[in-house]
Amino acid sequence: MSSAFQPPLQTQTRSHPHPRRSRLLVRESLMTRFAMCLCSVLLFVLLVGGLIVFILWLSLRPHRPRFYLSSFSAPAVAQPSAGLLNSPISFNVRDRNSNRKIGIYYDVVYGSVYYRDQVVASGPLLNPFFQPPKNTTLVLGDLTGTAPAAGDALAARISSDAVAGRVQFRLELKSVIRFQVKAWDTRHHTLHVECDMAVGSDGDLLASYRNERCSIYF
Ligand SMILES: *[C@@H]1O[C@H](CO)[C@@H](O)[C@H](O)[C@H]1NC(C)=O
């Protein structure tokens, strides 16, 4: 419909272009081509640049350390209503830095053991240290129970759980870490590790929890 309203002059120029106008048209089309070419080159450079930045980011991006619970033992749970006060609670967590080039600086690693959201033992586990790339560091805990005392309601609960064959605990590790990427160090991150597990009536970690991966929060 719109073509019906086109002025006749335009149709004429199209079918019989004036020589000067034709030269102008050629020049215009060359300019358009040049602009398109420039655009494609720019686009290509941008794409390649983006890809390089993406690959660099992928290879330099720090991976958070991974924690696996190897063992946990609270032998006092086997004694009826003995509680955990002054009794040993020991565990072993593997801390894996899977980065190929990035080391991790740790502040003091602090551990806490919870039974039904009550702290039953806590204390420092490791002094500040540097973990090299591709390294596994053992976090050994040898804590002494701070609660509950023998005869407490909570101690009775632990015992009845033990009789049922399953005492649920939660181990938390806390630290502040910093990634080391070549010459520069990243900012500090507060690290929270949480291992949920249960021990059997003998106080030893149930097999299903062995080598379980712990949750991690920053
Ligand atoms: C991990 O690093 C620590 C500290 O540098 C070192 O003592 C330990 O042997 C390393 N472990 C492995 C498996 O390389």
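The values are calculated or read from the model by the stated rules, or taken from the named source; none is laboratory data. A quick note: this is a predicted structure, and the numbers were derived from the prediction, not measured. Glycine also receives a Cβ, built like all others from the backbone with ideal geometry; neighbour counts cover every protein chain displayed. To get the accessible areas, we keep the full protein, side chains included, count just its heavy atoms, and leave off ligands, DNA and RNA. Shrake-Rupley method; radii C 1.70, N 1.55, O 1.52, S 1.80 Å.
How about the chain: what cysteines have no other cysteine beta carbon under 4.7 Å from their own?
Isolated Cys, the chain: CYS37, CYS39.
Starting at the first residue of the range 94-110, write each ³J(HN,Hα) from the Karplus equation 6.51 cos²θ - 1.76 cosθ + 1.60 with θ = phi - 60°, in whole Hz, x for Gly and Pro.
Those phi angles translate into 8, 10, 9, 9, 8, 5, 7, 10, 9, x, 10, 8, 10, 7, 3, 9, 10 Hz.
With each run of n ≥ 4 DSSP H residues scored as -39500 (n - 2.57), what mean residue ellipticity at 222 nm is computed for the chain after dividing by its residue count and rounding to the nearest 500 deg cm²/dmol?
On the way: 3 runs with 61 residues, N = 218.
Value at 222 nm, helices only: -9500 deg cm²/dmol.
Report, to two decimal places, the Cα Rg of the range 19-61 normalised by 2.2 N^0.38 Å (N = number of residues).
Values: Rg = 18.5 Å, N = 43, 2.2 N^0.38 = 9.2 Å.
Compared with the compact-globule rule of thumb, the range 19-61 sits at 2.01.
Roughly what angle does helix 19-60 make with the longest principal axis of the chain, taking Cα atoms, 0 to 90 degrees, to the nearest 10?
Helix 19-60 sits roughly 10 degrees off the main axis of the chain.
Take the alpha-carbon centre of the range 120-185, take the same for the range 46-61, and report the distance between them in whole Å.
Rounded to whole Å, the Cα centres lie 39 Å apart.
With +1 on the Cβ of every Lys and Arg and -1 on the Cβ of every Asp and Glu, and nothing else charged, how large is the dipole of the range 36-166 about its Cα centre, in debye rounded to the nearest 20?
580
Note the direction-averaged projected area, equal to a quarter of the hull surface, for the Cα convex hull of the chain, in nm².
Over every viewing direction, the Cα hull of the chain projects on average to 23.7 nm².
Give the accessible surface of the chain per residue, rounded to a whole number of Å², with probe radius 1.4 Å and ligands, DNA and RNA excluded.
It amounts to 64 Å² per residue over the chain.
Could you please state how large a percent of the accessible area of the chain is carbon and sulfur, counting protein chains only and using a 1.4 Å probe?
Heavy-atom surface of the chain belonging to carbon and sulfur, 1.4 Å probe: 60 percent.
Taking LYS182 as the anchor, which lysines have their alpha carbon closer than 21 Å to its alpha carbon, excluding any fewer than eight residues away along the same chain?
Candidates past the 8-residue exclusion: LYS101, LYS134.
For LEU30 and LEU51, what does the FRET efficiency come to when R0 = 22 Å and r is the distance between their Cβ atoms, rounded to the nearest 0.05?
0.10
Roughly how many Å² of LEU85 are accessible to a 1.4 Å probe, to the nearest 10?
Surface open to solvent at LEU85 totals about 80 Å².
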